[in-house]
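See structure below.
The values are calculated or read from the model by the stated rules, or taken from the named source; none is laboratory data. Bear in mind that the values here come from a model prediction, so they are computed numbers and not experimental data. With ideal geometry, Cβ positions are generated from the backbone for all residues, glycine too; neighbour counts draw on all protein chains shown. Protein only, heavy atoms only, side chains kept; ligands, DNA and RNA dropped before computing areas. Shrake-Rupley method; radii C 1.70, N 1.55, O 1.52, S 1.80 Å.
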Amino acid sequence: MTSPQGFLGFWETTGSAKTFTHPLDPALLDAYVPRGARVLDYGCGYGRLTAELAALGYGAVRGVDVSAALIARGRREHPGLELMRCAGLPLPFEDGAFDAALLFAVLTCVPGDADQTAIVGELGRLVRPGGVLYLSDVPLQNDALNRERYARFAERYGTYGVFEMPDGGVFRHHPPERLRGLLREAGFSVRKERVGVVGTLDGRTAERLQLIAHREPAAPQSPPDPASG
């Protein structure tokens, strides 16, 4: 659940002991992803949702995270799962290797535009045409606490919505259109949206946005025009 560039130290230390609370919606998943699907849980942390997918009957699930500490924890807590530490991109999988991917509370842990674009673009490479990306993240909140910290850290990070926590974590909340735009740029088309409330790492609650998106087939290339030769 971390950025491939920077801010990794938090997730190798303090962050690796956190209890993650962003929940899976099994009914929403079941409506779009069959049990036999090859599923990538990107930013899996310590394998919390990877384990839940396996318990639901998804038999071909792999979790990936950039944090060595979180993957080590996941292997201790869930020894039967396929969990892999990948420090950067691209991931060591072929194009279209997965039928579906999860991106749960990952972009909130990635403050930089370029890193976010790289992650979603990589999932666009790995999810086969017609496959599904299930994204769930935290949009901009409208309460006084969040508005104050967005404003306080906007100049430092150059982005409204990025903020620091007292324990060293750096997080980002997003305009919903940014999340949709990242999906579009990576070749996905949003098919379903759902909102709700989730617990946060600091014991509060936040609104969340869930997006189900299909990977669009690549546009066919036009044959060369003989007249142009």
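Under the 0.36 nm per residue contour assumption, what length would be gained going from the current alpha-carbon distance of D95 and E164 to full extension? List each step's numbers first, then the result.
On the way: separation 69, 0.36 × 69 = 24.84 nm, distance 3.56 nm.
Gain on extension, D95 to E164, equals 21.3 nm.
Loop-only check: which trypsin sites (Lys or Arg not before Pro) in segment 31-111 are DSSP coil with at most 13 other Cβ within 10 angstrom?
Values: sites: R35, R38, R48, R62, R73, R75, R76, R85; in loops: R35.
Here the sparse-neighbourhood loop sites are R35.
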Practice prompt. Extending each Cα 7 Å along its Cβ direction at E148 and R184, get the distance between those two points in nm, one decimal.
Written response: 3.6 nm
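So for the chain, averaging the separation of alpha carbon pairs under 8 Å that are six or more residues apart and normalising by length, what relative contact order in percent results? Display every interim value, and only then the final one.
Working: 433 pairs, mean separation 45.8, N = 229.
Dividing the mean separation by the residue count of the chain yields 20 percent.
According to the Kirkwood expression over distinct Cα-Cα pairs, how big is the hydrodynamic radius of segment 37-117, in Å?
Numbers: mean 1/r = 0.0774 Å⁻¹.
With all distinct Cα pairs of segment 37-117 included, I get 12.9 Å.
How high is the relative contact order of segment 105-195, given as a whole-number percent (alpha carbon pairs under 8 Å, six or more residues apart)?
Numbers: 85 pairs, mean separation 31.8, N = 91.
The normalised contact order for segment 105-195 reaches 35 percent.
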Worksheet item: Here are some values of Cα extents along the principal axes in Å: (i) 55, 35, 30; (ii) 50, 37, 32; (iii) 64, 43, 31. Which one was computed from this structure?
Response: (iii)
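Determine the shape class of segment 110-159: with a ≥ b ≥ c the square roots of the Cα gyration tensor eigenvalues, call it rounded for a/c under 1.5, and otherwise prolate if a/b is greater than b/c, oblate otherwise. Walk me through the intermediate numbers first.
On the way: a/c = 6.24, a/b = 2.07, b/c = 3.01.
It comes out oblate by the Cα gyration axes.
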Worksheet entry | Inter-site label distance for R75 and A87 at 7 Å from Cα along Cβ, in nm | 1.5 nm
Fill in: Selected from V170, V33, V127 as most flexible by GNM, with the chain as the system and alpha-carbon contacts under 10 Å
V170
Worksheet item: Hey, got the Cα dimensions of segment 138-200 along the principal axes, in Å, largest first?
Response: 37, 26, 20
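What ranking of K192, K18 comes out by heavy-atom accessible area, probe 1.4 Å, highest first?
On the way: K192 75, K18 45 Å².
Descending order: K192, K18.
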Discussion item. Over the chain, with a Gaussian network built from C-alpha contacts below 10 Å, which listed residue (P166, P129, P175) shows the highest mean-square fluctuation?
Written reply: P166
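Can you tell me the length gained on complete extension of the stretch T19 to R156, counting 0.36 nm per residue apart and subtracting the Cα distance?
Numbers: separation 137, 0.36 × 137 = 49.32 nm, distance 2.80 nm.
Here the segment from T19 to R156 would lengthen by 46.5 nm.
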